[in-house]
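Asker: Can you keep this structure in mind? I'll have questions shortly.
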Amino acid sequence: VDLMSVKRMMEKLGAPKTHLELKKMISEVTGGVSDTISYQDFVNVMLGKRSAVLKLVMMFEGKANESNPKPSGPPPERDIASLP
């Protein structure tokens, strides 16, 4: 995952960051070894104890599910007057 991918992801989560903040985030994940996050580093961040990213993703998905509740049971009866 490169800098621009992280930037887009943070913007979509509603927490935009500056390039300096993004570089610092990537440096913390990779230990300062690389400018990109490897798959293994990504998995460690997502499953780690300090991870706020997983909590944000779960919150984001929870909000998406709340906005479209699925009705249960049979549909309500309608008559001619209720048609558009």
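The values are calculated or read from the model by the stated rules, or taken from the named source; none is laboratory data. Every value quoted in this text rests on a predicted model; they were computed, and no experiment measured them. Cβ sites come from the backbone with ideal geometry, for glycine too, and all protein chains shown count toward neighbours. Surface accessibility is based on the protein's heavy atoms, side chains included, excluding ligands, DNA and RNA. Shrake-Rupley method; radii C 1.70, N 1.55, O 1.52, S 1.80 Å.
Asker: State yes or no: is P69 at pLDDT 80 or above and more than 19 Å from the chain's Cα centre (by Cα)?
Answerer: Criteria not met by P69.
Asker: Just one of (1) open to solvent by less than 70 Å² (accessible area, probe 1.4 Å); (2) at pLDDT 70 or above trips up A64, so point out which.
Answerer: Failing condition for A64: (2).
Asker: Is it the case that some residue within the range 47-59 is of a type outside the set (D, E), at pLDDT 85 or above and surrounded by 10 or more Cβ atoms within 10 Å (Cβ to Cβ)?
Answerer: From the range 47-59, those of a type outside the set (D, E) are 47-59; that's our starting set.
Those left that are additionally at pLDDT 85 or above: none.
No, the range 47-59 contains no residue that is of a type outside the set (D, E), at pLDDT 85 or above and surrounded by 10 or more Cβ atoms within 10 Å (Cβ to Cβ).
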